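Heads up: the structure comes next, in structure tokens.
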């Protein structure tokens with residue numbers, strides 16, 4: 001390898017990052033696993049793990065109606081508040097290289113207090129051997145959990 005290429009690899013942070021996992025199955029269980037990985041990445045402020053789940057064209061419509069792109073989502077993940085996300089009511093559908101999952105995310109603090117409940121829908125495409133989220137939408141639920 002030429003010396004110039006070595007310097008380029010050293011200066012490019014993505015060149016040294018671990019590749020995203022591939023070989024995911026094309027069924028709903030993989031989408032459920034992605035959601036668990038997503039929640040864990042937020043809890044651990046792990047933007048790198050989250051980056052493997054989000055496609056380059058990812059857009060999120062948040063509970064307040066604002067749109068944010070992939071870069072903004074990853075930047076916010078690094079500053080995520082210290083809460084645990086309990087995911088329930090997850091229902092995944094897969095249609096070829098397209099899939100979506102709906103569920104309920106409950107944010108719980110260290111004392112077990114429910115801070116927020118959010119109904120979510122995440123839309124995925126299957127490419128490069130893995131499911132990648134291309135769009136997301138959240139709606140905040142009011143009232144006490146049933």
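The values are calculated or read from the model by the stated rules, or taken from the named source; none is laboratory data. For clarity, every value in this text was computed on a predicted model and none was experimentally measured. Heads up, the Cβs are rebuilt from the backbone with ideal geometry, glycines too, and the neighbour counts pull from every protein chain shown.
Listed values, structure above:
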read-out	value
Filtered residues of region 13-28 (kept if modelled with pLDDT of 90 or more, exposed (fewer than 12 other Cβ atoms within 10 Å of the Cβ) and assigned to a helix (DSSP H, G or I))	none
Tally of residues being in contact with a strand residue (DSSP E or B) (Cβ under 7 Å, 6 or more places away or on another chain) and either free of Cβ contacts under 8 Å to residues at least 40 places away in the same chain or surrounded by fewer than 18 Cβ atoms within 10 Å (Cβ to Cβ) (or both) across region 40-54	1
Flag if residue 64 is more than 25 Å from residue 29 (Cβ to Cβ), over 13 Å from the mean Cα position of the chain (by Cα) and surrounded by fewer than 18 Cβ atoms within 10 Å (Cβ to Cβ)	yes
Residue selected from region 36-56 under the condition assigned to a helix (DSSP H, G or I) and out of contact with any helix residue (DSSP H, G or I) (no Cβ under 9 Å at 6 or more places or on another chain), by the criterion modelled with the lowest pLDDT	43
